[in-house]
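The values are calculated or read from the model by the stated rules, or taken from the named source; none is laboratory data. Bear in mind that the values here come from a model prediction, so they are computed numbers and not experimental data. Note that each Cβ is placed from the backbone with ideal geometry, even for glycine, and that neighbours are counted across all protein chains shown.
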Amino acid sequence: METKVILKKAREVLQVESDAIRDLGKKLDAHFSRAVDLIIKCKGRVIVTGMGKTGIIGRKIASTLSSTGTPSLWMHSAEAVHGDLGQVTRNDIVIVLSNSGETEETKRLLPLVKKIRSKIISITGNRQSTLAKYSDIVLDVTVKEEGCPLGLAPMASTTATLALGDALAACLIVRRKFRKEDFAFYHPGGTLGRKLLLKVGDIMRQGSHFAKVKDSMVVRNVLLAITQARCGSACVVDKKGRCIGIFTDGDLRRHLKTDTMILRRKVSDVMTKHPQTVNTEKLAVEALTILQERKIDELPVVNGKGKLVGLLDVQDVLKAGLV
């Protein structure tokens, strides 16, 4: 088959699915708002159930809800009538997915959920279906066509269902005032979690692992302190422990060109004064932005009182996996 024929068909399917989502937005009404309110007031969990391709979409919806502050779990409709229904309580809300609303496994499940007295929100393409009649709230995902050349495989309908699930999750995020920090709490193991949770104080160099010198120390001894700490610079402090400068390899090289006596100079005479510093409570990813924008490799770290407590090296950020 020629490439242009393949691309034509691919674009047709994408257009069909795009139109399905666009039409879905136009159909949203008070039922959707009621669904959001019902979930917000839920004292239990949101249980998402379905079969086949739609069921796979349900897994994603349940996962998205769980990770954004709405306790949720996935329950396979067929497994529900073989014991998994024991997960459902009257305090839960059951979101049932079925395009036809007449899936046999789903129809068997509905009276049992009603007997438990859980609320039912259906996402279906058939408002006259058995599923719709059992539901407390019906969310309509009717599509004009699927996109499948055979007219058999669910495509646009599953896309619309997924999009509606995302819309529910997004509205719940807003209603719950769910923050980035909350999201990070549920994703501590990934890069995203590290970016949102990791603070400068968690990865900075402390104690003997960074060079902290007095402003009266001579450069020779400062270099020894840098070597001993195995870092690339020395943070210079005044009598009150406040960072007043930083001495780097770059400072040494610049002065060596014109001052052969630099090793005997006080570090306060050759240091970079008033360096950029960062607070221990600042997000590490924000500190990385400072390092990148200023094109520097080290940042002196200060506490809430402005006293020097550590050093953040760009290598520390790399090791933390933030890049």
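One residue stands out in the stretch 111-123 among those that are within 12 Å of T49 (Cα to Cα) and within 33 Å of the chain's Cα centre (by Cα): the one that is surrounded by the fewest Cβ atoms within 10 Å (Cβ to Cβ), namely I120. The set of residues in the stretch 285-323 that are in contact with a helix residue (DSSP H, G or I) (Cβ under 7 Å, 6 or more places away or on another chain), part of a helix (DSSP H, G or I) and under 21 Å from K180 (Cβ atoms) comprises V285, A287, L288, V317.
Take the residues in the stretch 33-47 that are touching a residue at least 12 places away in the same chain (Cβ under 8 Å) and not in a loop (DSSP other than H, G, I, E, B); name whichever of them is farthest from the chain's Cα centre (by Cα). Residue satisfying both the conditions and the ranking: R34. I need the full set of residues from the stretch 209-224 which are part of a helix (DSSP H, G or I) and either outside the structural domain of K305 (by TED's automatic domain parsing) or crowded, with 20+ Cβ neighbours inside 10 Å (or both), in order please. The answer is V219, V222. Among the candidates S100, S122, the residue that is of a type outside the set (A, V, I, L, M), assigned by TED's automatic domain parsing to the domain that holds D37, in contact with a helix residue (DSSP H, G or I) (Cβ under 9 Å, 6 or more places away or on another chain) and in a strand (DSSP E or B) is uniquely S122.
Residue count for the stretch 228-260, restricted to those that are farther than 16 Å from G310 by Cα, in a helix (DSSP H, G or I) and free of Cβ contacts under 8 Å to residues at least 24 places away in the same chain: 7. For the criterion of being over 19 Å from D140 (Cβ atoms), without any contact (Cβ under 8 Å) to a residue 24 or more places away in the chain and among the aliphatic types (A, V, I, L, M), A30 fails. Being in a strand (DSSP E or B), aliphatic (A, V, I, L, M), modelled with pLDDT of 95 or more and at negative phi is a condition met by no residue of the stretch 165-178.
Restricting attention to the stretch 261-284 and to residues that are under 27 Å from the mean Cα position of the chain (by Cα) and in a loop (DSSP other than H, G, I, E, B), the residue that is nearest to C235 (Cα to Cα) turns out to be T280. Would you confirm whether or not the stretch 48-61 contains a residue that is of a type outside the set (S, T, N, Q) and either in a strand (DSSP E or B) or farther than 29 Å from E104 by Cβ (or both)? Yes. Within the stretch 109-145, the set of residues being in contact (Cβ under 8 Å) with a residue 60 or more places away in the chain and among the hydrophobic types (A, V, I, L, M, F, W, C) comprises L109, I121, I137, V138, L139, V141, V143.
Within 29 Å of S216 (Cβ to Cβ), touching a Leu at 6+ places or on another chain (Cβ under 8 Å) and at pLDDT 90 or above: which single residue out of T277, T272 fits that description? After ruling out the rest, the residue left standing is T277. Within the stretch 237-259, one or more residues are among the small types (G, A, S), touching a helix residue (DSSP H, G or I) at 6+ places or on another chain (Cβ under 8 Å) and either crowded, with 19+ Cβ neighbours inside 10 Å or closer than 26 Å to K319 by Cα (or both).
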